[in-house]
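Asker: Provided herewith is a single structure, encoded as structure tokens, for subsequent inquiry.
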Amino acid sequence: MPSTISLDLSLDGGISSGSGDILLYFFFFFVVRVIAIMNVEEEVHRLSQEIKRLGNVQEDGSYKVTFGTLFNDDECANIFEALVGTLRAAKKRKVLTYEGELLLQGVHDSVEIILSPPPPAAN
């Protein structure tokens, strides 16, 4: 048996129906989604900054840091509620690379996280 979800977004709190309500619902959903994407992008950017702070620059311009260094850093702990989730989002966006899918404290402390080098400057 299919279930239905009802959402009342009217200003007076009353029950209303019509195409306007559906448009308002989709607009609300779209705005929430855009805000969530912007937050993820900001978190990935902050993670890049922290990897540059804690990591070692490589000859190709990339930065390398271990998961344990990131995880055990007090400043990172204060910034990132879900460090592993932010790492996965950055990996999905090809901002950084590391071996494996899920990193766990202790078990994966020595896994190297490599922040990709900046793109070459356009001439």
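Every read-out reported here was derived from the displayed coordinates using simple, explicitly stated rules and does not represent laboratory data. All figures in this text were calculated on a predicted structure; none of them were measured in a lab. Note that we place each Cβ from the backbone using ideal geometry, even for glycine, and neighbour counts take in every protein chain shown.
Asker: Return the long-range amide H neighbours of L96 (sequence gap of 5 or more, or a different chain), with a cut-off of under 5 Å between placed amide H atoms.
Answerer: K91, S116
Asker: Starting from the stretch 93-123, pick out the GluC sites (Glu not before Pro) whose DSSP state is loop and whose Cβ has at most 14 other Cβ atoms within 10 Å.
Answerer: Filter output for the stretch 93-123: E99, E101.
Asker: Around I113, which amide H atoms from residues at least 5 apart in sequence, or from another chain, sit under 5 Å from its own amide H, with H modelled in the peptide plane?
Answerer: Result for I113 returns V65, T66, F67.
Asker: If each residue of separation counts as 0.36 nm, what is the full-extension length gain between L24 and S116 once their alpha-carbon separation is subtracted?
Answerer: 29.1 nm
Asker: Full extension from K91 to D60: what is 0.36 nm times the residue separation minus their Cα-Cα distance, to one decimal in nm?
Answerer: 9.3 nm
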